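First up is the structure itself, then whatever we jot down about it.
Please treat every number below as a calculation from the coordinates, not as lab data. Values in this document were obtained by computation on a predicted structure and should not be read as measured data.
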Amino acid sequence: MRTTIAANEPERTAWFDAETAPARPGVYERRAPAGRYACWDGRRWREDAASVAAAASSEDASALQRAAWRGLVDAAPSPCATCRGSTVIDRGVDVESGADLIAECPDC
């Protein structure tokens with residue numbers, strides 16, 4: 001079942017209860033007070049976020065693991081697999097100079 005909420009919003013599925021886990025990893029809309037979107041990684045919900053892009057790049061676990069959710073009919077863009085959406089690669093610190101070794105992501 002598909003539903004829409006406004007002309008400028010993407011289509012979404014019907015709501016699922018908090019006891020049902022999504023079948024596939026990805027960004028979903030949730031009824032959570034910390035943010036409208038969260039990414040299901042296949043095991044747990046990641047940190048809630050205000051936008052689809054922010055949810056896709058989140059690494060930390062959400063404090064709220066049980067909340068009603070619904071899917072986005074059009075798949076959300078996945079973050080870059082190399083930098084996880086940060087657009088840079090942190091290679092640590094140069095031991096001799098103490099300089100940060102941060103470079104732009106070659107895949108973004």
task: Rounded to whole Hz and in sequence order, give me ³J(HN,Hα) for the range 101-107 from the Karplus expression 6.51 cos²θ - 1.76 cosθ + 1.60, θ = phi - 60°, writing x for Gly and Pro.
output: 9, 10, 10, 5, 5, x, 9
task: Return the long-range amide H neighbours of Ser62 (sequence gap of 5 or more, or a different chain), with a cut-off of under 5 Å between placed amide H atoms.
output: Trp45, Arg46, Glu47
